[in-house]
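The values are calculated or read from the model by the stated rules, or taken from the named source; none is laboratory data. This one's a predicted model, so the numbers in the text were calculated from it and none came from an experiment. Because the Cβ atoms are built from the backbone with ideal geometry, glycine has one as well, and the counts that use them run over all protein chains shown. Each accessible area value is taken on the protein alone, full model and side chains, heavy atoms only, with ligands, DNA and RNA left out. Shrake-Rupley method; radii C 1.70, N 1.55, O 1.52, S 1.80 Å.
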Amino acid sequence: MTAKRMADKYVSIGLVNPKNPTNIGGVMRAAGCYQADAVFYSGERANRAMRFQTDTKDVVQRIALTAVDDLLECIPTDADVVCVELVEGAISLPQFNHPANAFYVFGPEDGTIPQEIVDRAHSVVYVPTIGCMNLAATVNVLLYDRCAKLGFSADGDELIRQSRDTNNRVKVR
């Protein structure tokens, strides 16, 4: 069986002033793996670092990566804003029910999501860990949780053949 797209669902990602190009490359790879529709980012640090491209799967050819001045101005129509941050009062990810149409906003590794964005959020969620994860790891965990809970179907040998690295030909015997 191959991956079944959640056609009636829309997911986009907002990154608040991401710290470095490695973070953005990792986020783009996660967006491709979990079928996000768009990635937006604010701040100047990413623009200065874009020459160090780290999107190893060239996902930017399929998923828009857009610089914006204000993430609040690019919230997709009918999308719930979901901030993902270690903040008091947030909902633990295992207890969170993902909206069908979501705009997930993540803060930088060396900062936090601005209060005005948190105030506009429909939900604020945190990933329960001891310590904090890096940006790309957090995006991966959040998007995996979304796919698992909303019925994204991806399994079987055909999917494995399509998804694995070209140097991987190992089989379970």
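List of remarks:
- Förster radius 25 Å - calculated FRET efficiency between residue 80 and residue 130, Cβ distance, rounded to 0.05: 0.30
- Solvent-accessible ranking of 88, 44, 73, largest area first, probe 1.4 Å: 88, 73, 44
- Sequence-distant residues sharing a close amide H with residue 19 (under 5 Å, placed H): 109
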